[in-house]
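For reference, the structure is listed below as structure tokens.
Read-outs: derived from the displayed coordinates by stated rules, not from any lab. Since this is a predicted model, take the numbers as computed values, not measurements. In this analysis, Cβ positions are derived from the backbone assuming ideal geometry, glycine residues included, and neighbour counts consider all displayed protein chains.
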Amino acid sequence: MKPTRRATIGADPLDRLAPSTDAWEYLEVRRGGSHPRSVNGRDLANPKDGPVFWDFVNELGAAGWELVAVDSDHASWIFKRRRPAPGDQLEAPPL
């Protein structure tokens, strides 16, 4: 019986990628009807007194946040933005 040869598999192709120096911030916005209900797990005090959801999302976009995911029932929306370098200032998310 001839010995079996195993195929030589190279390193993981992702190993060739240089580690990223980018740092990201993430934001989860939960929707309650036509208004944002919570941000990063913190319930908003009076959600109905705040902006409607679409205005809130537009404010996030103007502050540099990008939508990256929405859950299947559209209740949870995930945003990200590049974390500012030391000394830079980015607008805080509207709360």
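Measure off 7 Å from each Cα along the Cα-to-Cβ vector at ALA63 and SER38, then give the distance between these two points in nanometres to one decimal.
My value for the distance between the label points is 1.8 nm.
Non-local amide H neighbours of ARG83 (under 5 Å, H modeled in plane, Pro and chain starts lacking H): which ones?
Here ALA23, TRP24, GLU25 satisfy the definition.
Which distance in nm do the two modelled labels at SER72 and ASP55 give, with both placed 7 Å along the Cα-to-Cβ direction?
3.3
Under a 5 Å amide H to amide H cut-off, with H placed in plane at 1.01 Å, what residues pair with VAL68 once short-range neighbours are removed?
Long-range HN contacts for VAL68: ILE78, PHE79, LYS80.
For the range 22-82, what does the alpha-carbon gyration tensor say about shape, rounded, prolate or oblate, given a ≥ b ≥ c as the root eigenvalues, a/c under 1.5 as rounded, and a/b over b/c as prolate?
prolate
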